[in-house]
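Scroll down for the structure; my scribbles are underneath it.
The values are calculated or read from the model by the stated rules, or taken from the named source; none is laboratory data. Everything numeric in this text was worked out from a predicted model, so none of it was measured. Surface accessibility is based on the protein's heavy atoms, side chains included, excluding ligands, DNA and RNA. Shrake-Rupley method; radii C 1.70, N 1.55, O 1.52, S 1.80 Å.
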Amino acid sequence: MEIPIRGKDQLGLALRRLRKLANLTQTELSEDSRVDQAMISKIESGNRLPELATLFHLCSVLGVEIVLRKREPKSK
């Protein structure tokens, strides 16, 4: 599954979706990742961008990876 992310709102929605697919609550993800539950809530709601190290750690716990690719040009 690929989830394109182009902003903090999309990042938050993607992390929430991945967390739910993993059948984890925010509290369980917090315990597994050692990221504060309140911070996870702020990231998922689009109110906060995580530091890159935190994002990599959350991705590791959720079993996903970050892939960068060139964006397709917009159609005119």
Report the number of Lys pairs in the chain whose alpha-carbons are under 25 Å apart, with separation of 8 or more residues or on distinct chains.
5
Measure nothing fancy, just the Cα-based angle from helix 8-21's long axis to the longest principal axis of the chain, in degrees from 0 to 90, nearest 10.
60
Using the Kirkwood radius over C-alpha pairs as Rh, can you work out the diffusion coefficient of the chain via Stokes-Einstein at 25 °C, viscosity 0.890 mPa s, in µm² per second?
190
Judged on accessible area alone, 1.4 Å probe, highest first, I43, I66 line up as I66, I43
Computed over the chain: relative contact order in percent, which uses C-alpha pairs under 8 Å that are six or more apart
30
Could you calculate the contour length gain from N23 to D9, that is, 0.36 nm times the residue separation minus the distance between their Cα atoms, to one decimal place in nm?
2.9 nm
